[in-house]
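Asker: Okay, here's the structure, questions in a sec.
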Amino acid sequence: MAANGDDGFAARLRGFGPVGLLAILIVLAGNLVVAPLSAVLVLIWARISHTRWREIGYLRPKSWAGSLIIGVLLGATFKLLMKVIVMPLLGAPPINQAFHYLAGNTGAIPGMILVMIVMAGFAEETVYRGYMFERLGKLFGASSRAKVFIVLITSVWFAVLHYNEQGLPGVEQAITTGLVFGTIFAVTGRLFVLMVAHAVFDITAVAMIYWNVESRIAHLLFK
């Protein structure tokens, strides 16, 4: 009887009735405290709801080293392309004022790198790709049209959350990264490479700010 009760509760957590909707609200509310809390709540929800780890993108890479290298190259290259081409075309200022305090600020760098790994790599990818794709996929299905819609809605949501801290340039960058990372996840269903890429993307941004080369890089093509 206890097992049946557990299975029933797990099914309600996976569904979209009162229990399922409350679980979604609790997970998303974790962002109001600190982003990693939402990611931890996702893992707890997956465990209690008997959701398979693969359904939220937690699949063991075929090669840890190979996936790590791909993630590093993807994240660093993507950030450089964003800084050199995409953001200038969108009219973004060359300097990220929200984080310019990091320029030459050696003492702040170790903590910031840790934040990028935990918040961007682990938390944001777990929530906005793994969890939200699973939830929206259950609602809208797995068709190509549904996946396009899910990529769009999660990218917009992800972008809007960057407005308060980084303004319009932060929204523009976040929606672009959301579209790229979301598309990759929609195709592969795997999070590890994206976790590495997202963390390296942000760490590359921090490196540009720390060495005060943002403006120089932003003007490589567009003077």
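Asker: Of the residues Phe16, Phe78, which single one is farther than 24 Å from His162 by Cα, open to solvent by less than 80 Å² (accessible area, probe 1.4 Å), of a type in the set (A, V, I, L, M, F, W, C) and in contact (Cβ under 8 Å) with a residue 60 or more places away in the chain?
Answerer: Only one candidate qualifies: Phe16.
Asker: Kindly provide the set of residues from the range 134-166 that are assigned to a helix (DSSP H, G or I) and under 19 Å from Ala199 (Cβ atoms), ordered by number.
Answerer: Thr154, Ser155, Phe158, Ala159, Glu165, Gln166
Asker: Determine, yes or no, whether Thr154 is touching a Lys or Arg at 6+ places or on another chain (Cβ under 8 Å), open to solvent by less than 30 Å² (accessible area, probe 1.4 Å) and of a type in the set (Ser, Thr, Tyr).
Answerer: Against the criterion (touching a Lys or Arg at 6+ places or on another chain (Cβ under 8 Å), open to solvent by less than 30 Å² (accessible area, probe 1.4 Å) and of a type in the set (Ser, Thr, Tyr)), Thr154 qualifies.
Condition check ((1) part of a helix (DSSP H, G or I); (2) surrounded by fewer than 18 Cβ atoms within 10 Å (Cβ to Cβ); (3) on the phi > 0 side of the Ramachandran plot) across all residues:
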{"site": "Ile26", "(1), (2), (3)": "yes, yes, no"}
{"site": "Lys62", "(1), (2), (3)": "no, yes, no"}
{"site": "Ala65", "(1), (2), (3)": "yes, yes, no"}
{"site": "Leu68", "(1), (2), (3)": "yes, yes, no"}
{"site": "Leu74", "(1), (2), (3)": "yes, no, no"}
{"site": "Ala92", "(1), (2), (3)": "no, no, no"}
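Asker: Take Phe99 and tell me if it is aromatic (Phe, Trp, Tyr), under 28 Å from Asn212 (Cβ atoms) and open to solvent by 30 Å² or more (accessible area, probe 1.4 Å).
Answerer: yes
Asker: Quick one: what pairs do we get from the range 189-203, first residue under 10 Å from Ile70 (Cα atoms), second charged (D, E, K, R) and open to solvent by less than 40 Å² (accessible area, probe 1.4 Å), C-beta under 8 Å, 6+ apart or different chains?
Answerer: Leu194/Glu125; Leu194/Arg129
Asker: Out of the residues in the range 28-56 meeting the condition of being open to solvent by 30 Å² or more (accessible area, probe 1.4 Å) and in a loop (DSSP other than H, G, I, E, B), tell me which one is farthest from Lys138 (Cα to Cα).
Answerer: Checking each candidate, the answer is Val34.
Asker: Among the numbered criteria (1) within 14 Å of Gly178 (Cα to Cα); (2) among the small types (Gly, Ala, Ser); (3) more than 21 Å from the chain's Cα centre (by Cα), which single criterion is violated by Gly104?
Answerer: For Gly104, the exception is condition (1).
Asker: Please determine, by comparing only the residues of the range 200-223 that are assigned to a loop (DSSP other than H, G, I, E, B) and either within 19 Å of Met116 (Cα to Cα) or hydrophobic (A, V, I, L, M, F, W, C) (or both), which one is most open to solvent (accessible area, probe 1.4 Å).
Answerer: Among residues in the range 200-223 that are assigned to a loop (DSSP other than H, G, I, E, B) and either within 19 Å of Met116 (Cα to Cα) or hydrophobic (A, V, I, L, M, F, W, C) (or both), the one most open to solvent (accessible area, probe 1.4 Å) is Trp211.
Asker: So which residues in the range 166-177 are under 18 Å from Gly121 (Cβ atoms) and open to solvent by 60 Å² or more (accessible area, probe 1.4 Å)?
Answerer: Listed by number, the list is empty, since nothing qualifies.
Asker: Answer yes if at least one residue in the range 122-131 is among the hydrophobic types (A, V, I, L, M, F, W, C), outside any helix (DSSP H, G or I) and under 12 Å from the mean Cα position of the chain (by Cα), and no otherwise.
Answerer: No, there is no match, as no residue in the range 122-131 is among the hydrophobic types (A, V, I, L, M, F, W, C), outside any helix (DSSP H, G or I) and under 12 Å from the mean Cα position of the chain (by Cα).
The values are calculated or read from the model by the stated rules, or taken from the named source; none is laboratory data. Everything numeric here is computed off the predicted structure, so don't read it as measured data. A quick note on method: Cβ atoms are made from the backbone with ideal geometry, for glycine too, and the neighbour counts reach across all protein chains shown. In case anyone asks, the SASA skips ligands and DNA or RNA and just uses the protein heavy atoms, side chains included. Shrake-Rupley method; radii C 1.70, N 1.55, O 1.52, S 1.80 Å.
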